[in-house]
Amino acid sequence: MARDRWATFDCYGTLIDWNGGIRAQLARLFGEERAGELLDRYHELEPELEADGTLSYREVLTEALRRLGVPDGEETALADSLPDWQPFPEVPQALEEARGRGWSLAILSNTDRDYIEASMRRLGGGFELAIVASEIGSYKPAQHHWTAFADAIGRLPDAHVAQSHFHDVVPATALGIPTLWINRLGESPGPPAPSRELPTLSGLADALDQLAPAG
């Protein structure tokens, strides 16, 4: 009897439009003309705030806005808006097709339980497990998400799917996990090379089957 095949996913930036959600709030708070610059600065601040794993993601979002100079009374704007951030358009169908091929799906996310539950509802359900940073005291690119998955399931996943090379492809590769890089931003990072690369989640099921054939 064939064993279950497990694919783990990053959520924000891979399944949910993370940049779009953050940028919309920055444009509302600071004006459209500053939104791009401040989004770049947010990307610098977030890993600094996550480094020691002590802050919840809600606290990371709030402190990042403070450091960007948010107007008084708007410090929680990003944190409050996250449950409304939308999936990329192709994602629900791609996930449904993967499940139809017999894949079990899990999320490994640098976030909090309430956020990931809200986002999984927007994604249409179908995830059997979600591991979040605030419950394990660690943010990717540390490897604790994958070791927590292995503790829960009994082994590492058959594939990991993510947009961030730094947060996901690098540590998953170090653990020997085949990776599917969703290169939404058309980036050209250094090594390690992902096992497969797609520009969006379209074609997900075929790519996963190439990484770990059924049977």
(Q) Which residue is farthest from residue 143 (Cα to Cα), if the candidates are limited to segment 162-215 and must be assigned to a strand (DSSP E or B) and in contact (Cβ under 8 Å) with a residue 24 or more places away in the chain? (A) 182
Q.
Looking for something of a type in the set (A, V, I, L, M), in a helix (DSSP H, G or I) and more than 14 Å from the chain's Cα centre (by Cα) - is there at least one such residue anywhere in segment 126-135?
A. no
**Q.** Residue check, residue 45 farther than 30 Å from residue 179 by Cβ and free of Cβ contacts under 8 Å to residues at least 60 places away in the same chain
**A.** no
Q | Residue satisfying all of: in segment 3-41; closer than 30 Å to residue 153 by Cα and open to solvent by 80 Å² or more (accessible area, probe 1.4 Å); modelled with the highest pLDDT among these | A | 4
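Here's the yes/no breakdown for (1) of a type in the set (S, T, N, Q); (2) within 22 Å of residue 16 (Cα to Cα); (3) touching a Cys at 6+ places or on another chain (Cβ under 9 Å); (4) open to solvent by 40 Å² or more (accessible area, probe 1.4 Å):
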site: 163; (1), (2), (3), (4): yes, yes, no, no
site: 175; (1), (2), (3), (4): no, no, no, yes
site: 179; (1), (2), (3), (4): yes, yes, no, no
site: 183; (1), (2), (3), (4): yes, yes, no, no
site: 192; (1), (2), (3), (4): no, no, no, no
site: 198; (1), (2), (3), (4): no, yes, no, no
site: 204; (1), (2), (3), (4): no, yes, no, no
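Would you call residue 134 of a type in the set (Ser, Thr, Tyr), modelled with pLDDT of 95 or more and surrounded by 21 or more Cβ atoms within 10 Å (Cβ to Cβ)?
Numbers: of a type in the set (Ser, Thr, Tyr): yes; modelled with pLDDT of 95 or more: no; surrounded by 21 or more Cβ atoms within 10 Å (Cβ to Cβ): yes.
So residue 134 fails the test.
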Q | Condition check for residue 96: among the charged types (D, E, K, R), in contact (Cβ under 8 Å) with a residue 24 or more places away in the chain, surrounded by fewer than 17 Cβ atoms within 10 Å (Cβ to Cβ) and in contact with a Leu (Cβ under 7 Å, 6 or more places away or on another chain) | A | no
Q.
Could you tell me how many of the residues in segment 156-215 are over 21 Å from residue 129 (Cα atoms) and of a type in the set (Phe, Trp, Tyr)?
A. 1
Q) Name the pairs whose Cβ atoms lie under 9 Å apart, with the first residue in segment 7-26 and of a type in the set (Asp, Glu), the second assigned to a helix (DSSP H, G or I), and 6 or more positions between them or separate chains? A) 10/167; 10/168
Q: Considering each of 46, 74, 63 in turn, give the residue that is surrounded by 14 or more Cβ atoms within 10 Å (Cβ to Cβ), modelled with pLDDT of 95 or more, more than 13 Å from residue 26 (Cα to Cα) and touching a helix residue (DSSP H, G or I) at 6+ places or on another chain (Cβ under 8 Å).
A: 63
Q. Since residue 117 meets every condition but one in (1) over 16 Å from residue 134 (Cα atoms); (2) out of contact with any strand residue (DSSP E or B) (no Cβ under 7 Å at 6 or more places or on another chain), which condition does it not meet?
A. (1)
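Picking from 79, 106, 150, which residue would you name as being small (Gly, Ala, Ser), buried (at least 16 other Cβ atoms within 10 Å of the Cβ) and not in a strand (DSSP E or B)? Spell out how you get there, then give the answer.
Details: 106 fails: not in a strand (DSSP E or B); 150 fails: buried (at least 16 other Cβ atoms within 10 Å of the Cβ).
Just one listed residue meets the conditions, 79.
The values are calculated or read from the model by the stated rules, or taken from the named source; none is laboratory data. Quantities reported herein were computed from a predicted structural model and do not represent experimental measurements. Neighbour counts are summed over all protein chains in view; Cβ atoms, including those assigned to glycine, are modelled from backbone coordinates with ideal geometry. Note: areas computed on protein heavy atoms with side chains; ligands, DNA, RNA excluded. Shrake-Rupley method; radii C 1.70, N 1.55, O 1.52, S 1.80 Å.
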